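**Q** Would you mind keeping the following structure in view while I ask a few things?
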Amino acid sequence: MKGCCSFMELYQYIGGAPTIRKIVDAFYPKVQAHPLLAPLFPEDLTPIMEKQYQFLTQFFGGPPMYTEKHGNPMMRARHFPFPITPSRAEAWLDCMKSALEDVIPSEEMRAVILHRLSGPARFFINTEE
Ligand code: HEM
């Protein structure tokens, strides 16, 4: 399954926009409840949830919503203001794993998605513990 589909196919496979929305809605309460991640985020997550929805849509092969609204993603650079340690990257992935478990029934599909997010998450590490 790891080589199963192009990014375009992945977006359709998982059910498109409604599924991405559900993932984002499941993910951020977990981030807000995580002791390593919560301090990095503002209380009102609504604007970030919208940006994440737009970004993941395009990341998984849907329409380029993020770029249309906010320009070149340059996602690593956008994370520079925040101290992303190795353990915060793992915490982010743990929250995402748990959100995917809430939303996507197929274990194989969850593994594909998590695999595709683990590269960027580790790439965003910008400081030691
Ligand atoms: C590695 C661990 C990560 C941490 C600790 C983290 C944390 C953050 C923080 C603190 C913000 C900004 C909140 C604010 O604007 O006040 C943010 C924004 C964002 N993050 Fe992450 N993030 C991580 C990984 C990722 C990954 C893997 C992705 C997607 C693949 C991602 C996508 C985004 C997006 C789309 C935004 C909004 C960017 C914008 O302002 O336009 N993040 N993240």
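The values are calculated or read from the model by the stated rules, or taken from the named source; none is laboratory data. Please read all numbers here as calculations on a predicted model, not as lab measurements. Ideal geometry is used to build each Cβ from the backbone, glycine not excepted, and the neighbour counts take in all protein chains shown.
**Q** Could you name every one of the helices (runs of 4 or more DSSP H) located completely within segment 44-119 that has at least 3 residues being in contact (Cβ under 8 Å) with a residue 40 or more places away in the chain and out of contact with any strand residue (DSSP E or B) (no Cβ under 7 Å at 6 or more places or on another chain)?
**A** Working: elements: 46-59, 65-70, 75-78, 86-103.
Output list reads 86-103.
**Q** Then there is this: For segment 32-43, how many residues meet the condition of being surrounded by 15 or more Cβ atoms within 10 Å (Cβ to Cβ) and part of a helix (DSSP H, G or I)?
**A** 1
**Q** Next question, about the same structure. Checking the condition at pLDDT 95 or above, surrounded by 12 or more Cβ atoms within 10 Å (Cβ to Cβ) and within 9 Å of the ligand (Cβ to nearest atom), which residue from LEU114, LEU93 passes?
**A** Details: LEU114 fails: within 9 Å of the ligand (Cβ to nearest atom).
After ruling out the rest, the residue left standing is LEU93.
**Q** Next up: Give the residue that is farthest from VAL103 (Cα to Cα), with candidates limited to residues of segment 1-40 that are among the charged types (D, E, K, R) and modelled with pLDDT of 95 or more. I'd like the intermediate steps shown before the answer.
**A** Applying the first criterion (among the charged types (D, E, K, R)) to segment 1-40 yields 2, 9, 21-22, 25, 30.
So of that shortlist, the ones also modelled with pLDDT of 95 or more come out as 21-22, 25, 30.
Numbers: ARG21: 10, LYS22: 7, ASP25: 10, LYS30: 14 Å.
Within segment 1-40, the match that is farthest from VAL103 (Cα to Cα) is LYS30.
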